[in-house]
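Right, one structure below, let's go through it.
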Amino acid sequence: MVMPDLGGTEITRWLAEQKFSGKRIIVTGYNPQYSKIPKVLGEIGGLHSVLRIGKPVRLEELRKVLKY
């Protein structure tokens with residue numbers, strides 16, 4: 001969600017503009033509610049599924065979302 005230069009919200013807008021058709025995984029160490037903003041923006045922009053992983057990332061959880 002929080003990255004140098006662009007954050008999750010900006011990336012989501014860009015992906016929607018590009019008509020991205022893949023799945024998105026949101027990784028954040030912040031409150032889980034914080035990840036709802038790009039999730040909703042993505043849905044409005046026509047993006048598909050969103051999976052959320054909290055930090056610290058556990059290997060078993062990462063494997064699960066990558067198989068999804």
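The numbers here are math on the coordinates, done by the rules we state, and not lab data. Computed from a predicted model, the values in this text were never measured in an experiment. Cβ atoms come from the backbone with ideal geometry, glycine included; neighbour counts cover every protein chain shown.
Compared with the direct C-alpha span, the chain from Glu10 to His48 gains 12.0 nm at full extension, assuming 0.36 nm per residue. Stretch Lys55-Tyr34 to full length: gain in nm at 0.36 nm per residue minus the Cα-Cα span? Net length gain for the segment: 6.3 nm. Summing charges over neighbours of Pro38, with a neighbour being any other residue whose Cβ is under 12 Å away from its Cβ, gives +3 when K and R count +1 and D and E count -1. Each residue in Leu41, Leu51 was given a count of other beta-carbon atoms within 10 angstrom of its own, and listing them fewest first yields Leu51, Leu41. Quick one: Karplus J couplings for region 19-34, per residue in order, coefficients 6.51, -1.76, 1.60, θ = phi - 60°, nearest Hz, x for Gly and Pro? Karplus-based 3J(HN,Hα) across region 19-34 equals 6, 4, 10, x, 8, 10, 10, 9, 10, 8, x, 8, 3, x, 5, 4 Hz.
Sorting the segments 54-63, 26-35, 9-18 by their mean number of nearby beta carbons within 10 angstrom, highest to lowest, gives 9-18, 26-35, 54-63. Of the residues Ser49, Leu62, Asn31, the one whose Cα sits farthest toward the positive end of the charge dipole of the chain, with +1 on the Cβ of Lys and Arg and -1 on the Cβ of Asp and Glu, is Leu62. Dipole size of the chain about its Cα centre, with +1 on Lys/Arg Cβ and -1 on Asp/Glu Cβ: approximately 300 debye, rounded to the nearest 20.
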